[in-house]
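These notes are about the structure you will find just below.
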Amino acid sequence: MQKSLDALASAFNKIRTGRAHPSILEGLRVDYYGSETPLTQMANVTVEDSRTLSITPWEKNLVPEIEKAIMKSDLGLNPSTAGAVIRVPMPPLTEETRKGFIKQARHEAESARVSLRSIRRDVLGDIKDLLKEKEISEDEERRAQDEIQKLTDQFVAKVEAALKAKEVDLLEI
């Protein structure tokens, strides 16, 4: 269940807010001598100011490839190059893009909740199997079901809190 929560946090990091953050480019892959390589393995990504990312490739000949990858991505970013440094300004979010990002965040949260429920279902199935094999009593089965439900409720509450925080972050101007 914690892995589902971690995956949600990672997905939320990729949804951009108005501020620059290196995790926005985390999933970006660049053609590096014929193979798709993560950007973070071929360049240093830093925050220059609150609205600008600075990318410094370790090899100067990668600059055009990195620019191309950023342009092709669905992030809506336009890089500008100054020598060996690529600057990526974060455009301000419009009301429409904010609503789109909130929709995306809600979708990610729902995926996390579905994941939590499927984990609960699998564990409950395992408990029923133990009961059938007479390894646990019915009282222990009931107690375990209650524990699992409490745990699931706790993690769903954490998902809801993370979603609320992300929505507040997205709506902030």
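The values are calculated or read from the model by the stated rules, or taken from the named source; none is laboratory data. What you see is a predicted model, and the numbers here were worked out from it, not measured in a lab. Ideal geometry is used to build each Cβ from the backbone, glycine not excepted, and the neighbour counts take in all protein chains shown.
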| request: Would you confirm whether any residue within region 136-143 is among the hydroxyl-bearing types (Ser, Thr, Tyr), modelled with pLDDT of 85 or more and under 30 Å from GLY34 (Cβ atoms)? | output: no
| request: Can you tell me which residue within region 90-110, out of those that are under 16 Å from the mean Cα position of the chain (by Cα) and in contact (Cβ under 8 Å) with a residue 24 or more places away in the chain, is farthest from ALA157 (Cα to Cα)? | output: PHE101
| field | Residue identified as touching a residue at least 12 places away in the same chain (Cβ under 8 Å), farther than 16 Å from ASN13 by Cβ and of a type in the set (S, T, N, Q) among SER115, SER80, SER73 | value | SER115
| field | Criterion: surrounded by 16 or more Cβ atoms within 10 Å (Cβ to Cβ), of a type in the set (Val, Ile, Thr) and either under 19 Å from the mean Cα position of the chain (by Cα) or not in a helix (DSSP H, G or I) (or both) - qualifying residue of VAL168, VAL156 | value | VAL156
| task | Could you figure out which of (1) in a helix (DSSP H, G or I); (2) more than 17 Å from the chain's Cα centre (by Cα) isn't true of ARG87? | result | (1)
| Yes/no for LEU28 being in contact with a Leu (Cβ under 8 Å, 6 or more places away or on another chain) and closer than 30 Å to ARG113 by Cβ | yes
| Selected residue (only one of LYS134, LYS72, LYS128 is at positive phi and of a type in the set (D, E, K, R)) | LYS134
| field | Leading residue by the ranking (modelled with the lowest pLDDT) among those in region 38-58 that are surrounded by 13 or more Cβ atoms within 10 Å (Cβ to Cβ) and part of a loop (DSSP other than H, G, I, E, B) | value | ARG51
| message | If ILE102 meets every condition in (1) modelled with pLDDT of 85 or more; (2) of a type in the set (A, V, I, L, M); (3) surrounded by fewer than 16 Cβ atoms within 10 Å (Cβ to Cβ) apart from one, which number is that one? | response | (3)
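Quick grid of which residues meet (1) surrounded by 13 or more Cβ atoms within 10 Å (Cβ to Cβ); (2) in the same structural domain as ALA162 (by TED's automatic domain parsing); (3) assigned to a loop (DSSP other than H, G, I, E, B):
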position: SER4; (1), (2), (3): yes, no, no
position: ASN13; (1), (2), (3): yes, no, no
position: GLU36; (1), (2), (3): no, no, no
position: ILE66; (1), (2), (3): yes, no, no
position: LEU75; (1), (2), (3): yes, no, yes
position: HIS107; (1), (2), (3): no, yes, no
| task | Pull up region 15-34, narrow it to residues that are buried (at least 17 other Cβ atoms within 10 Å of the Cβ) and assigned to a loop (DSSP other than H, G, I, E, B), then point me to the one that is modelled with the highest pLDDT. | result | LEU28
| task | Could you grab me the full set of residues in region 145-173 that are of a type in the set (A, V, I, L, M, F, W, C) and within 17 Å of LEU116 (Cβ to Cβ)? | result | ILE148, LEU151, PHE155, VAL156, ALA157, VAL159, ALA161, ALA162, LEU163
